Amino acid sequence: MSREHWERQASNWAAWARTPDFDEYWKYSPAFFELVPPPRGRTLEVGCGEGRVTRDLARLGHRVVAVDPVAALIRLARETDADNDYLRCDSAALPFADGAFNLAVFYNSLMDVDDMEASLQEAARVLRPSGTLCACVTHPIADAGRFESRDADATFLIEGNYLGPRRWLELPLVHRDGLSMDFSGWAYPLEAYFRALEDAGFVVQCLREPPAADEDQRWRRLPLFLMWRAVKS
């Protein structure tokens, strides 16, 4: 379901992601890159989309190979960036040798892959011993409910079963400044992510829940994103 969703949204996403200072990436990604270790060996980005995280990793000196299952997104990434390698493949079946990379990055892609647990197992396989995995996801709390209004002190309401299995969130289409985007996707509880990391042999080194850095006071009270760095044990 997720792959088909992103095939339909590819052109919308490229326009959205490539508009400077437009979405949350521009506000939150600096906190993520603080977790990313300095360039060493090869870096793999899983779920690269149209390529903006890969391009930023390259600007930091990383030698990046980026993968995504969506043909339209890989095409858009290649058209924009000829300096890095972009491959179409399933994150649960990576076409790389064991221990081929020093760093694996999942930036807001673990909640979009079709098999999150298998994707982390594959990331562990292609990382060298003591290799690093850095990830950002929409915070499971943010995915579990909604603010009842746009007021700074609005109540945040969690509906349904937070502790249930993964669920598909049918989110309303977002319209902003002439652009539109459907962010529907999978949602998981915290334990699902960290049990999958545990099962794949990762040890979490650090974790961040950065507050909003803009005028929206609501997301200074609750985290919108969850970020971590883990090491292959």
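Filter segment 137-153 for residues that are under 17 Å from residue 211 (Cβ atoms) and small (Gly, Ala, Ser); which is surrounded by the most Cβ atoms within 10 Å (Cβ to Cβ)? Once the filter is applied, the top-ranked residue is 142. Given the criteria modelled with pLDDT of 95 or more, surrounded by fewer than 17 Cβ atoms within 10 Å (Cβ to Cβ), at negative phi and not aliphatic (A, V, I, L, M), does residue 30 qualify? Criteria met by residue 30.
Checking each residue in segment 136-175 for being in contact with a strand residue (DSSP E or B) (Cβ under 7 Å, 6 or more places away or on another chain), part of a loop (DSSP other than H, G, I, E, B), over 29 Å from residue 35 (Cα atoms) and at pLDDT below 95 picks out 159, 173. Among the numbered conditions (1) among the charged types (D, E, K, R); (2) under 20 Å from residue 195 (Cβ atoms); (3) at pLDDT 95 or above; (4) in a loop (DSSP other than H, G, I, E, B), the only one that residue 114 does not meet is (3). All of 196, 192 fail the test of being in contact with a helix residue (DSSP H, G or I) (Cβ under 7 Å, 6 or more places away or on another chain), closer than 18 Å to residue 138 by Cβ and assigned to a helix (DSSP H, G or I), apart from 196.
Output yes when any residue across segment 14-24 is over 24 Å from residue 207 (Cβ atoms), in a loop (DSSP other than H, G, I, E, B) and among the basic types (Lys, Arg), and no when none is. Within segment 14-24, one or more residues are over 24 Å from residue 207 (Cβ atoms), in a loop (DSSP other than H, G, I, E, B) and among the basic types (Lys, Arg). Of everything in segment 164-206 that is aliphatic (A, V, I, L, M), more than 27 Å from residue 22 (Cβ to Cβ) and surrounded by fewer than 16 Cβ atoms within 10 Å (Cβ to Cβ), the residue that is nearest to the chain's Cα centre (by Cα) is 190.
Taken over segment 112-136, the criterion of being in contact with a Pro (Cβ under 9 Å, 6 or more places away or on another chain) and crowded, with 21+ Cβ neighbours inside 10 Å is satisfied by 113, 132, 134.
The values are calculated or read from the model by the stated rules, or taken from the named source; none is laboratory data. Please read all numbers here as calculations on a predicted model, not as lab measurements. With ideal geometry, Cβ positions are generated from the backbone for all residues, glycine too; neighbour counts draw on all protein chains shown.
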